[in-house]
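Here's the structure we're looking at; comments come further down.
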Amino acid sequence: MRDITDNPSIEADVVIVGAGFAGITAAREISRAGKTVAVLEARSRIGGRSLSHPIGDGKIVEFGCEHIGRRGAVADEMADAVGISSYKQYDRGYKLTDQHDKLVRWKGQIPRANPITLADYFQAAMRLERMRREVPEETPWDAPHARRWDSETLSSWMRRNMLTRGGRTLMSLLTEAGFAAPATEISLLHILNYSNGLGGYRAVTKVTGGSLERRLVGGSQGLVHRLAENIEEQIFLGAVVRRIEQFRDRVRLTGPGFDAVGRRVVITVPVPLAARIEYLPALPGYRDQLTQRLPAGSVIKYLSVYDEPFWRKEELSGTALSHVGPVQAVMDGSPPDGSPGVLTAFVTGPNARKLARLPGAARRDAVVGALTRIFGPRAGRPFELFEKDWMAEEYTRGCYHGCTPPGLLTEYGAALRNPIGRIHWAGSETVPIEYGSMSGAIDSGRRVATEILDLEAYSQMNGRTV
Ligand SMILES: Cc1cc2nc3c(=O)[nH]c(=O)nc-3n(C[C@H](O)[C@H](O)[C@H](O)COP(=O)(O)OP(=O)(O)OC[C@H]3O[C@@H](n4cnc5c(N)ncnc54)[C@H](O)[C@@H]3O)c2cc1C
(Lines give C-alpha, C1' and ligand atoms only; values in the text may rest on other atoms or scores of the structure.)
Protein backbone atom coordinates (compact mmCIF):
# COMPACT_ATOMS: atom_id res chain seq x y z
CA MET A 1 0.00 0.00 0.00
CA ARG A 2 1.24 3.45 -0.79
CA ASP A 3 1.07 6.81 0.88
CA ILE A 4 -0.75 9.42 -1.18
CA THR A 5 1.87 12.05 -0.35
CA ASP A 6 4.41 10.05 -2.39
CA ASN A 7 1.95 9.69 -5.28
CA PRO A 8 0.27 13.04 -5.85
CA SER A 9 -0.88 12.29 -9.40
CA ILE A 10 -2.81 9.10 -10.20
CA GLU A 11 -4.43 7.70 -13.32
CA ALA A 12 -6.48 4.49 -13.62
CA ASP A 13 -9.47 3.14 -15.54
CA VAL A 14 -11.56 3.12 -12.36
CA VAL A 15 -10.94 5.16 -9.22
CA ILE A 16 -12.53 3.82 -6.03
CA VAL A 17 -13.19 5.94 -2.97
CA GLY A 18 -12.91 3.99 0.29
CA ALA A 19 -11.03 0.80 1.20
CA GLY A 20 -13.62 -1.04 3.28
CA PHE A 21 -15.15 -4.35 2.18
CA ALA A 22 -17.07 -2.70 -0.67
CA GLY A 23 -14.15 -0.73 -2.13
CA ILE A 24 -11.61 -3.54 -1.87
CA THR A 25 -14.02 -6.07 -3.41
CA ALA A 26 -14.85 -3.73 -6.28
CA ALA A 27 -11.14 -3.08 -6.90
CA ARG A 28 -10.34 -6.79 -6.78
CA GLU A 29 -13.06 -7.73 -9.28
CA ILE A 30 -12.38 -4.88 -11.70
CA SER A 31 -8.65 -5.50 -11.60
CA ARG A 32 -9.18 -9.23 -12.25
CA ALA A 33 -11.09 -8.29 -15.40
CA GLY A 34 -7.97 -6.53 -16.72
CA LYS A 35 -8.82 -2.89 -15.94
CA THR A 36 -6.54 -0.65 -13.90
CA VAL A 37 -7.81 0.56 -10.53
CA ALA A 38 -6.76 3.07 -7.87
CA VAL A 39 -8.31 2.94 -4.39
CA LEU A 40 -8.23 6.23 -2.47
CA GLU A 41 -8.58 5.74 1.28
CA ALA A 42 -8.76 8.63 3.74
CA ARG A 43 -7.41 6.68 6.72
CA SER A 44 -3.90 5.33 7.16
CA ARG A 45 -5.32 1.78 7.10
CA ILE A 46 -7.78 -0.30 5.11
CA GLY A 47 -10.91 -2.00 6.50
CA GLY A 48 -13.23 0.95 7.23
CA ARG A 49 -15.78 -0.27 9.77
CA SER A 50 -13.77 -3.48 10.20
CA LEU A 51 -10.87 -3.07 12.62
CA SER A 52 -8.77 -5.60 14.55
CA HIS A 53 -6.67 -4.60 17.53
CA PRO A 54 -3.74 -6.83 18.61
CA ILE A 55 -3.71 -8.00 22.25
CA GLY A 56 -0.53 -10.12 22.17
CA ASP A 57 0.27 -13.76 21.28
CA GLY A 58 -0.99 -13.10 17.77
CA LYS A 59 -4.52 -12.60 19.09
CA ILE A 60 -6.88 -9.72 18.43
CA VAL A 61 -10.09 -8.09 19.60
CA GLU A 62 -12.49 -6.56 17.11
CA PHE A 63 -13.40 -2.89 17.39
CA GLY A 64 -15.79 -3.07 14.42
CA CYS A 65 -17.79 -5.78 12.66
CA GLU A 66 -17.49 -9.34 13.85
CA HIS A 67 -20.34 -11.68 13.07
CA ILE A 68 -21.42 -13.60 10.03
CA GLY A 69 -24.95 -14.92 10.16
CA ARG A 70 -26.58 -18.02 8.75
CA ARG A 71 -27.48 -15.99 5.67
CA GLY A 72 -23.97 -14.49 5.21
CA ALA A 73 -23.30 -16.50 2.08
CA VAL A 74 -21.33 -13.77 0.32
CA ALA A 75 -18.88 -13.17 3.16
CA ASP A 76 -18.56 -16.95 3.62
CA GLU A 77 -17.85 -17.48 -0.04
CA MET A 78 -15.18 -14.78 -0.06
CA ALA A 79 -13.61 -16.02 3.19
CA ASP A 80 -13.51 -19.56 1.75
CA ALA A 81 -11.97 -18.28 -1.46
CA VAL A 82 -9.05 -16.73 0.45
CA GLY A 83 -8.68 -19.53 3.00
CA ILE A 84 -10.18 -17.91 6.11
CA SER A 85 -12.34 -20.10 8.32
CA SER A 86 -14.97 -19.18 10.88
CA TYR A 87 -15.86 -20.38 14.36
CA LYS A 88 -19.05 -20.41 16.36
CA GLN A 89 -19.85 -17.46 18.64
CA TYR A 90 -19.58 -18.78 22.23
CA ASP A 91 -23.15 -19.23 23.41
CA ARG A 92 -23.19 -22.07 25.95
CA GLY A 93 -24.83 -21.64 29.32
CA TYR A 94 -27.17 -19.08 30.79
CA LYS A 95 -27.78 -15.58 29.54
CA LEU A 96 -28.59 -12.70 31.86
CA THR A 97 -31.04 -9.82 31.86
CA ASP A 98 -30.13 -6.88 34.03
CA GLN A 99 -33.39 -5.44 35.34
CA HIS A 100 -33.71 -2.52 37.67
CA ASP A 101 -34.22 -4.64 40.77
CA LYS A 102 -32.72 -8.02 39.82
CA LEU A 103 -30.68 -10.19 37.45
CA VAL A 104 -32.64 -12.83 35.56
CA ARG A 105 -30.97 -15.99 34.17
CA TRP A 106 -32.36 -17.58 31.03
CA LYS A 107 -31.60 -19.92 28.16
CA GLY A 108 -32.84 -19.88 24.59
CA GLN A 109 -33.45 -16.90 22.37
CA ILE A 110 -35.78 -14.62 24.29
CA PRO A 111 -35.22 -13.41 27.86
CA ARG A 112 -37.30 -14.92 30.64
CA ALA A 113 -40.16 -12.60 31.53
CA ASN A 114 -43.69 -12.87 32.83
CA PRO A 115 -45.97 -14.94 30.54
CA ILE A 116 -48.14 -12.00 29.51
CA THR A 117 -45.11 -9.96 28.42
CA LEU A 118 -43.75 -12.95 26.49
CA ALA A 119 -47.08 -13.72 24.82
CA ASP A 120 -47.32 -10.07 23.73
CA TYR A 121 -43.75 -10.08 22.41
CA PHE A 122 -44.30 -13.32 20.47
CA GLN A 123 -47.58 -12.27 18.88
CA ALA A 124 -45.89 -9.05 17.66
CA ALA A 125 -42.81 -10.92 16.43
CA MET A 126 -45.02 -13.41 14.56
CA ARG A 127 -46.90 -10.53 12.91
CA LEU A 128 -43.64 -8.94 11.80
CA GLU A 129 -42.57 -12.32 10.38
CA ARG A 130 -45.81 -12.54 8.37
CA MET A 131 -45.55 -8.94 7.16
CA ARG A 132 -41.95 -9.25 6.03
CA ARG A 133 -42.91 -12.09 3.71
CA GLU A 134 -44.94 -9.56 1.68
CA VAL A 135 -41.84 -7.40 1.12
CA PRO A 136 -39.92 -8.17 -2.11
CA GLU A 137 -36.23 -8.62 -1.26
CA GLU A 138 -34.77 -6.63 -4.16
CA THR A 139 -37.37 -3.85 -4.22
CA PRO A 140 -38.96 -3.37 -0.78
CA TRP A 141 -40.62 -0.16 -2.03
CA ASP A 142 -42.84 -2.38 -4.25
CA ALA A 143 -44.44 -4.21 -1.27
CA PRO A 144 -48.26 -3.97 -1.40
CA HIS A 145 -48.34 -1.92 1.82
CA ALA A 146 -44.96 -0.24 1.32
CA ARG A 147 -46.22 3.33 1.70
CA ARG A 148 -48.18 2.58 4.86
CA TRP A 149 -45.35 0.64 6.45
CA ASP A 150 -42.81 3.29 5.45
CA SER A 151 -44.91 6.08 6.90
CA GLU A 152 -44.33 5.01 10.49
CA THR A 153 -41.60 3.81 12.84
CA LEU A 154 -41.36 0.43 14.52
CA SER A 155 -42.15 2.25 17.75
CA SER A 156 -45.46 3.73 16.54
CA TRP A 157 -46.44 0.30 15.17
CA MET A 158 -45.61 -1.28 18.55
CA ARG A 159 -47.81 1.22 20.36
CA ARG A 160 -50.83 0.13 18.28
CA ASN A 161 -50.07 -3.57 18.06
CA MET A 162 -48.67 -4.53 21.46
CA LEU A 163 -50.71 -4.61 24.63
CA THR A 164 -48.10 -4.58 27.36
CA ARG A 165 -45.41 -2.14 28.35
CA GLY A 166 -43.12 -5.12 29.15
CA GLY A 167 -43.49 -6.50 25.61
CA ARG A 168 -42.78 -3.12 24.05
CA THR A 169 -39.77 -2.55 26.32
CA LEU A 170 -38.31 -5.93 25.36
CA MET A 171 -38.78 -5.34 21.62
CA SER A 172 -37.32 -1.83 21.96
CA LEU A 173 -34.23 -3.11 23.77
CA LEU A 174 -33.58 -5.86 21.20
CA THR A 175 -34.11 -3.39 18.34
CA GLU A 176 -31.78 -0.82 19.81
CA ALA A 177 -29.04 -3.40 20.41
CA GLY A 178 -29.48 -4.80 16.87
CA PHE A 179 -29.69 -1.48 14.98
CA ALA A 180 -27.78 0.93 17.27
CA ALA A 181 -30.80 3.25 17.03
CA PRO A 182 -34.07 3.34 18.95
CA ALA A 183 -37.31 1.96 17.49
CA THR A 184 -38.58 5.56 17.39
CA GLU A 185 -36.10 6.36 14.60
CA ILE A 186 -36.44 3.37 12.27
CA SER A 187 -39.01 2.85 9.53
CA LEU A 188 -41.24 -0.20 9.97
CA LEU A 189 -40.67 -1.06 6.29
CA HIS A 190 -36.91 -1.00 6.87
CA ILE A 191 -37.24 -3.38 9.83
CA LEU A 192 -39.18 -5.80 7.61
CA ASN A 193 -36.75 -5.45 4.71
CA TYR A 194 -33.70 -5.77 6.99
CA SER A 195 -35.19 -8.89 8.60
CA ASN A 196 -35.79 -10.39 5.16
CA GLY A 197 -32.12 -9.90 4.34
CA LEU A 198 -31.11 -11.90 7.42
CA GLY A 199 -33.72 -14.64 7.00
CA GLY A 200 -36.28 -13.40 9.54
CA TYR A 201 -37.09 -10.81 12.18
CA ARG A 202 -35.89 -13.01 15.01
CA ALA A 203 -32.58 -13.72 13.22
CA VAL A 204 -31.50 -10.11 13.89
CA THR A 205 -30.48 -10.81 17.50
CA LYS A 206 -30.05 -14.59 17.35
CA VAL A 207 -26.79 -16.56 17.61
CA THR A 208 -27.50 -20.12 16.38
CA GLY A 209 -29.32 -19.79 13.08
CA GLY A 210 -29.21 -15.98 13.27
CA SER A 211 -27.05 -13.03 12.31
CA LEU A 212 -24.64 -13.47 15.24
CA GLU A 213 -23.75 -17.10 14.58
CA ARG A 214 -20.06 -17.07 13.65
CA ARG A 215 -16.85 -15.03 13.74
CA LEU A 216 -13.87 -15.12 11.41
CA VAL A 217 -10.59 -16.60 12.58
CA GLY A 218 -8.14 -13.69 12.75
CA GLY A 219 -10.96 -11.13 12.66
CA SER A 220 -12.94 -9.52 9.87
CA GLN A 221 -10.22 -7.01 9.01
CA GLY A 222 -8.00 -10.02 8.18
CA LEU A 223 -10.50 -10.82 5.42
CA VAL A 224 -10.23 -7.28 4.00
CA HIS A 225 -6.44 -7.66 3.93
CA ARG A 226 -6.64 -11.01 2.15
CA LEU A 227 -9.05 -9.61 -0.42
CA ALA A 228 -6.58 -6.78 -1.02
CA GLU A 229 -3.73 -9.15 -1.89
CA ASN A 230 -2.53 -8.51 -5.47
CA ILE A 231 -3.96 -4.98 -5.54
CA GLU A 232 -1.96 -3.55 -2.65
CA GLU A 233 0.12 -1.33 -4.93
CA GLN A 234 -3.10 0.27 -6.19
CA ILE A 235 -4.26 1.34 -2.71
CA PHE A 236 -3.39 4.89 -1.65
CA LEU A 237 -3.67 5.72 2.05
CA GLY A 238 -4.20 9.17 3.55
CA ALA A 239 -6.16 10.24 0.44
CA VAL A 240 -9.19 12.25 1.57
CA VAL A 241 -11.37 12.84 -1.47
CA ARG A 242 -12.93 16.30 -1.29
CA ARG A 243 -14.12 16.99 -4.83
CA ILE A 244 -15.29 14.98 -7.85
CA GLU A 245 -15.59 16.55 -11.28
CA GLN A 246 -17.33 14.73 -14.14
CA PHE A 247 -16.42 15.34 -17.78
CA ARG A 248 -17.79 13.74 -20.95
CA ASP A 249 -15.26 10.88 -20.92
CA ARG A 250 -13.61 10.92 -17.50
CA VAL A 251 -13.75 11.93 -13.85
CA ARG A 252 -11.24 13.88 -11.77
CA LEU A 253 -10.95 13.50 -8.01
CA THR A 254 -9.02 15.88 -5.83
CA GLY A 255 -8.11 16.14 -2.20
CA PRO A 256 -5.34 17.69 -0.10
CA GLY A 257 -2.14 17.22 -2.11
CA PHE A 258 -3.39 14.86 -4.82
CA ASP A 259 -5.30 14.54 -8.02
CA ALA A 260 -6.65 11.32 -9.59
CA VAL A 261 -8.17 10.79 -13.03
CA GLY A 262 -10.21 7.81 -14.23
CA ARG A 263 -12.92 6.82 -16.67
CA ARG A 264 -15.30 6.09 -13.80
CA VAL A 265 -15.48 6.47 -10.03
CA VAL A 266 -17.00 4.19 -7.39
CA ILE A 267 -18.00 5.84 -4.11
CA THR A 268 -18.20 3.46 -1.17
CA VAL A 269 -18.13 5.90 1.74
CA PRO A 270 -21.11 5.90 4.15
CA VAL A 271 -24.03 7.82 2.61
CA PRO A 272 -23.91 10.89 4.93
CA LEU A 273 -20.16 11.25 4.25
CA ALA A 274 -20.76 11.15 0.50
CA ALA A 275 -22.65 14.41 1.06
CA ARG A 276 -19.47 16.06 2.31
CA ILE A 277 -17.77 15.64 -1.06
CA GLU A 278 -18.24 18.48 -3.57
CA TYR A 279 -19.57 17.38 -6.97
CA LEU A 280 -19.15 19.30 -10.22
CA PRO A 281 -21.62 19.45 -11.82
CA ALA A 282 -23.76 19.28 -8.69
CA LEU A 283 -25.62 16.00 -8.07
CA PRO A 284 -29.30 15.87 -9.03
CA GLY A 285 -31.67 17.03 -6.29
CA TYR A 286 -33.01 13.55 -5.51
CA ARG A 287 -29.54 12.16 -4.83
CA ASP A 288 -28.62 15.05 -2.58
CA GLN A 289 -31.93 14.74 -0.73
CA LEU A 290 -31.17 11.04 -0.23
CA THR A 291 -27.82 11.84 1.37
CA GLN A 292 -29.64 14.21 3.74
CA ARG A 293 -31.88 11.40 4.98
CA LEU A 294 -29.81 8.36 5.99
CA PRO A 295 -28.19 8.97 9.39
CA ALA A 296 -25.82 6.42 10.92
CA GLY A 297 -26.65 4.56 14.12
CA SER A 298 -24.92 5.49 17.39
CA VAL A 299 -22.59 3.00 19.05
CA ILE A 300 -19.63 2.81 21.38
CA LYS A 301 -18.10 -0.65 21.57
CA TYR A 302 -16.11 -1.78 24.62
CA LEU A 303 -13.81 -4.78 24.88
CA SER A 304 -13.12 -5.73 28.48
CA VAL A 305 -10.21 -8.15 28.76
CA TYR A 306 -9.62 -10.66 31.63
CA ASP A 307 -7.03 -13.38 32.18
CA GLU A 308 -9.73 -15.99 31.51
CA PRO A 309 -13.43 -16.10 30.59
CA PHE A 310 -14.41 -16.58 34.26
CA TRP A 311 -18.15 -16.42 33.48
CA ARG A 312 -17.95 -19.72 31.57
CA LYS A 313 -17.09 -21.54 34.83
CA GLU A 314 -20.26 -20.09 36.30
CA GLU A 315 -22.25 -21.62 33.41
CA LEU A 316 -22.78 -18.20 31.86
CA SER A 317 -22.52 -17.65 28.12
CA GLY A 318 -21.32 -14.06 28.45
CA THR A 319 -24.48 -12.85 26.71
CA ALA A 320 -26.47 -10.25 28.61
CA LEU A 321 -29.11 -7.60 28.01
CA SER A 322 -29.53 -4.62 30.27
CA HIS A 323 -32.61 -2.49 30.88
CA VAL A 324 -30.49 -0.32 33.20
CA GLY A 325 -27.67 0.76 30.89
CA PRO A 326 -25.53 2.39 29.80
CA VAL A 327 -24.42 -0.97 28.33
CA GLN A 328 -27.38 -2.59 26.55
CA ALA A 329 -25.91 -5.82 25.21
CA VAL A 330 -22.89 -7.95 26.07
CA MET A 331 -21.40 -10.98 24.34
CA ASP A 332 -18.41 -13.25 24.84
CA GLY A 333 -15.73 -11.79 22.56
CA SER A 334 -12.89 -14.15 23.57
CA PRO A 335 -10.56 -15.53 20.89
CA PRO A 336 -11.36 -19.04 19.53
CA ASP A 337 -9.25 -20.81 22.22
CA GLY A 338 -10.95 -18.86 25.02
CA SER A 339 -7.81 -17.08 26.19
CA PRO A 340 -7.81 -14.35 27.31
CA GLY A 341 -11.44 -13.80 28.32
CA VAL A 342 -13.11 -10.88 26.56
CA LEU A 343 -16.53 -9.36 27.21
CA THR A 344 -17.76 -7.27 24.30
CA ALA A 345 -20.17 -4.58 25.46
CA PHE A 346 -22.32 -2.37 23.25
CA VAL A 347 -23.63 1.03 24.25
CA THR A 348 -26.11 2.07 21.59
CA GLY A 349 -28.66 4.72 20.54
CA PRO A 350 -29.45 7.53 23.03
CA ASN A 351 -27.26 5.87 25.71
CA ALA A 352 -24.25 6.13 23.38
CA ARG A 353 -24.99 9.77 22.56
CA LYS A 354 -25.17 10.59 26.26
CA LEU A 355 -22.16 8.56 27.35
CA ALA A 356 -19.94 9.96 24.58
CA ARG A 357 -20.24 13.44 26.10
CA LEU A 358 -18.88 12.39 29.51
CA PRO A 359 -15.17 12.57 30.38
CA GLY A 360 -13.15 9.39 29.75
CA ALA A 361 -12.93 8.32 33.42
CA ALA A 362 -16.69 8.71 33.92
CA ARG A 363 -17.38 6.63 30.78
CA ARG A 364 -15.06 3.90 31.99
CA ASP A 365 -16.64 3.86 35.47
CA ALA A 366 -20.13 3.63 33.99
CA VAL A 367 -19.24 0.71 31.72
CA VAL A 368 -17.17 -1.22 34.26
CA GLY A 369 -19.93 -0.57 36.81
CA ALA A 370 -22.52 -2.11 34.48
CA LEU A 371 -20.35 -5.17 33.78
CA THR A 372 -19.77 -5.64 37.52
CA ARG A 373 -23.49 -5.43 38.25
CA ILE A 374 -24.15 -8.09 35.61
CA PHE A 375 -21.17 -10.47 35.89
CA GLY A 376 -19.97 -9.85 39.45
CA PRO A 377 -16.84 -8.31 41.02
CA ARG A 378 -14.32 -10.08 38.73
CA ALA A 379 -15.83 -8.17 35.80
CA GLY A 380 -14.85 -4.98 37.61
CA ARG A 381 -11.13 -5.81 37.31
CA PRO A 382 -10.30 -6.05 33.60
CA PHE A 383 -6.61 -5.87 32.83
CA GLU A 384 -7.54 -3.82 29.78
CA LEU A 385 -10.65 -1.95 28.69
CA PHE A 386 -10.71 -0.83 25.07
CA GLU A 387 -13.21 1.74 23.85
CA LYS A 388 -14.20 2.52 20.26
CA ASP A 389 -16.62 5.39 19.74
CA TRP A 390 -17.66 5.04 16.08
CA MET A 391 -19.56 8.34 16.15
CA ALA A 392 -16.25 10.14 16.73
CA GLU A 393 -14.53 8.49 13.78
CA GLU A 394 -14.08 11.21 11.18
CA TYR A 395 -14.39 8.84 8.23
CA THR A 396 -17.33 6.78 9.55
CA ARG A 397 -19.40 8.99 11.90
CA GLY A 398 -21.64 6.30 13.37
CA CYS A 399 -22.43 2.61 13.09
CA TYR A 400 -23.28 -0.18 12.61
CA HIS A 401 -24.92 1.17 9.45
CA GLY A 402 -27.38 3.72 8.08
CA CYS A 403 -30.63 3.77 10.07
CA THR A 404 -33.41 4.10 7.56
CA PRO A 405 -36.11 6.51 8.77
CA PRO A 406 -39.71 6.62 7.48
CA GLY A 407 -40.01 7.72 3.85
CA LEU A 408 -36.47 6.89 2.79
CA LEU A 409 -37.09 3.53 1.12
CA THR A 410 -40.28 4.41 -0.74
CA GLU A 411 -39.13 7.88 -1.83
CA TYR A 412 -35.42 7.30 -2.47
CA GLY A 413 -34.69 3.55 -2.15
CA ALA A 414 -34.01 2.91 -5.82
CA ALA A 415 -31.62 5.90 -5.92
CA LEU A 416 -29.28 4.28 -3.39
CA ARG A 417 -27.46 2.43 -6.15
CA ASN A 418 -28.43 4.21 -9.40
CA PRO A 419 -25.29 5.56 -11.08
CA ILE A 420 -25.14 9.25 -11.94
CA GLY A 421 -23.15 9.64 -15.13
CA ARG A 422 -19.70 8.25 -14.38
CA ILE A 423 -20.31 8.08 -10.63
CA HIS A 424 -21.23 4.61 -9.31
CA TRP A 425 -22.31 3.82 -5.76
CA ALA A 426 -21.45 0.85 -3.55
CA GLY A 427 -21.23 0.18 0.17
CA SER A 428 -23.18 -1.89 2.65
CA GLU A 429 -26.14 0.54 2.59
CA THR A 430 -26.71 0.07 -1.16
CA VAL A 431 -27.86 -3.56 -0.97
CA PRO A 432 -31.32 -4.88 -0.22
CA ILE A 433 -30.16 -8.26 1.14
CA GLU A 434 -27.93 -8.26 4.23
CA TYR A 435 -28.14 -4.48 4.36
CA GLY A 436 -25.50 -2.83 6.51
CA SER A 437 -23.32 -5.92 6.90
CA MET A 438 -19.90 -7.01 5.68
CA SER A 439 -21.63 -9.55 3.43
CA GLY A 440 -23.76 -6.76 2.00
CA ALA A 441 -20.69 -4.57 1.47
CA ILE A 442 -18.88 -7.35 -0.40
CA ASP A 443 -21.97 -8.00 -2.49
CA SER A 444 -22.22 -4.30 -3.37
CA GLY A 445 -18.56 -4.34 -4.49
CA ARG A 446 -19.27 -7.25 -6.81
CA ARG A 447 -22.45 -5.65 -8.15
CA VAL A 448 -20.74 -2.34 -8.93
CA ALA A 449 -17.83 -4.14 -10.62
CA THR A 450 -20.26 -5.95 -12.95
CA GLU A 451 -22.14 -2.69 -13.60
CA ILE A 452 -18.91 -0.94 -14.66
CA LEU A 453 -17.44 -3.83 -16.63
CA ASP A 454 -20.70 -4.21 -18.61
CA LEU A 455 -20.72 -0.49 -19.45
CA GLU A 456 -17.07 -0.52 -20.43
CA ALA A 457 -17.60 -3.60 -22.63
CA TYR A 458 -20.59 -1.90 -24.30
CA SER A 459 -18.52 1.26 -24.92
CA GLN A 460 -15.73 -0.74 -26.49
CA MET A 461 -18.04 -2.78 -28.69
CA ASN A 462 -19.90 0.23 -29.99
CA GLY A 463 -17.01 2.69 -30.03
CA ARG A 464 -19.18 5.03 -27.93
CA THR A 465 -18.66 6.78 -24.65
CA VAL A 466 -21.35 5.71 -22.15
C1 LIG B 1 -19.19 -1.74 16.01
C2 LIG B 1 -19.66 -2.36 14.71
C3 LIG B 1 -20.19 -3.63 14.72
C4 LIG B 1 -20.62 -4.21 13.53
N5 LIG B 1 -21.03 -5.51 13.55
C6 LIG B 1 -21.21 -6.16 12.39
C7 LIG B 1 -21.34 -7.57 12.38
O8 LIG B 1 -21.25 -8.22 13.42
N9 LIG B 1 -21.54 -8.19 11.18
C10 LIG B 1 -21.58 -7.48 10.01
O11 LIG B 1 -21.73 -8.11 8.95
N12 LIG B 1 -21.46 -6.14 9.99
C13 LIG B 1 -21.27 -5.47 11.15
N14 LIG B 1 -21.04 -4.12 11.15
C15 LIG B 1 -21.27 -3.36 9.89
C16 LIG B 1 -20.11 -3.54 8.90
O17 LIG B 1 -18.91 -3.25 9.53
C18 LIG B 1 -20.28 -2.60 7.72
O19 LIG B 1 -21.56 -2.75 7.14
C20 LIG B 1 -19.25 -2.81 6.62
O21 LIG B 1 -17.96 -3.00 7.13
C22 LIG B 1 -19.27 -1.61 5.69
O23 LIG B 1 -18.33 -1.74 4.66
P24 LIG B 1 -18.26 -0.64 3.51
O25 LIG B 1 -17.11 -0.98 2.66
O26 LIG B 1 -19.60 -0.52 2.88
O27 LIG B 1 -18.04 0.76 4.26
P28 LIG B 1 -16.85 1.25 5.21
O29 LIG B 1 -16.26 0.11 5.94
O30 LIG B 1 -17.41 2.37 6.01
O31 LIG B 1 -15.77 1.79 4.18
C32 LIG B 1 -15.78 3.10 3.67
C33 LIG B 1 -14.35 3.61 3.59
O34 LIG B 1 -14.37 4.93 3.04
C35 LIG B 1 -13.36 5.70 3.68
N36 LIG B 1 -13.69 7.13 3.48
C37 LIG B 1 -14.66 7.86 4.07
N38 LIG B 1 -14.67 9.13 3.58
C39 LIG B 1 -13.68 9.19 2.65
C40 LIG B 1 -13.19 10.21 1.77
N41 LIG B 1 -13.74 11.43 1.73
N42 LIG B 1 -12.14 9.92 0.95
C43 LIG B 1 -11.57 8.69 0.95
N44 LIG B 1 -12.00 7.68 1.75
C45 LIG B 1 -13.05 7.92 2.58
C46 LIG B 1 -13.43 5.25 5.12
O47 LIG B 1 -12.25 5.55 5.82
C48 LIG B 1 -13.66 3.73 4.94
O49 LIG B 1 -12.45 3.02 4.94
C50 LIG B 1 -20.58 -3.49 12.32
C51 LIG B 1 -20.03 -2.20 12.31
C52 LIG B 1 -19.56 -1.66 13.49
C53 LIG B 1 -18.88 -0.32 13.46
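Ordering Thr410, Gly23, Leu103 by Cα displacement along the dipole of the chain toward the positive end leaves Leu103 in first place; charges were set at the Cβ atoms of Lys, Arg (+1) and Asp, Glu (-1). Among residues other than Trp157 with Cβ under 12 Å from its Cβ, the summed charge is +3 (Lys and Arg +1, Asp and Glu -1).
About its Cα centre, the dipole of the range 110-205 is roughly 440 debye, where the only charges are +1 on Lys and Arg Cβ and -1 on Asp and Glu Cβ.
Charge dipole (Cα centre; +1 on Lys/Arg Cβ, -1 on Asp/Glu Cβ; no other charges) of the chain amounts to roughly 1260 debye. Label-to-label distance for Arg127 and Asn418 is 3.4 nm, based on points extended 7 Å past Cα in the beta-carbon direction.
Helical content of the chain, expressed as a calculated mean residue ellipticity at 222 nm, amounts to -9500 deg cm²/dmol (DSSP H runs of 4 or more residues, -39,500 (n - 2.57) each, divided by residue number, nearest 500).
You can think of it this way: the chain between Glu152 and Thr36 has 37.2 nm of extra reach, that is 0.36 nm per residue less the Cα-Cα gap.
Net charge near Pro295, counting Lys/Arg +1 and Asp/Glu -1 over other residues with Cβ under 12 Å of its Cβ?
Net of charged neighbours comes to +1.
Relative to the longest principal axis of the Cα atoms of the chain, helix 438-462 runs at roughly 20 degrees. Counting only protein heavy atoms and using a 1.4 Å probe, the accessible area of Glu315 comes to about 110 Å². Note on Phe247: accessible area approximately 80 square angstrom, rounded to 10, probe 1.4 Å, nucleic acids and ligands left out.
For the range 110-205, what is one quarter of the convex hull surface built on the Cα atoms, given in nm²? Display every interim value, and only then the final one.
Working: hull surface 21.8 nm².
Directional mean of the projected Cα hull area for the range 110-205 stands at 5.5 nm².
Cross-link partners for Lys107 among the aspartates and glutamates, with Cα-Cα distance under 17 Å and sequence neighbours closer than 8 places in the same chain left out: Asp91, Asp98, Glu213, Glu314, Glu315, Asp332.
When all protein chains stay in place and ligands, DNA and RNA are ignored, the 1.4 Å accessible-area order of Asp13, Asp3, Asp337, largest first, is Asp337, Asp3, Asp13. Shown are Cys65, Cys403, whose ranking by accessible area with a 1.4 Å probe and every protein chain present, most to least, is Cys65, Cys403.
Surface analysis of the chain yields an accessible area of 40 Å² per residue, using protein heavy atoms and a 1.4 Å probe. Can you give the % of DSSP beta bridges in the chain that are antiparallel, to the nearest 5? The antiparallel proportion sits near 65 percent. In this structure Ile277 has an accessible area near 20 Å², from a 1.4 Å probe over the protein heavy atoms. Pop the C-beta distance of Asp249 and Ser339 into the FRET formula with R0 = 45 Å and round what comes out to the nearest 0.05. Once rounded, the FRET efficiency stands at 0.20. Using the Cβ-Cβ distance between Ser9 and Asn462 with R0 set to 30 Å, the FRET efficiency from 1/(1 + (r/R0)^6) comes to roughly 0.45. The apolar share of the surface of the chain, taken as the fraction of accessible area on carbon and sulfur atoms (1.4 Å probe, ligands and nucleic acids excluded), comes to 50 percent.
The values are calculated or read from the model by the stated rules, or taken from the named source; none is laboratory data. It should be emphasised that the depicted structure is a prediction, and the values quoted were computed from it without experimental measurement. Here Cβ is always computed from backbone atoms with ideal geometry, including for glycine, and neighbour counts include all displayed protein chains. Heads up: the accessible areas ignore ligands, DNA and RNA and are worked out on the full protein's heavy atoms, side chains in. Shrake-Rupley method; radii C 1.70, N 1.55, O 1.52, S 1.80 Å.
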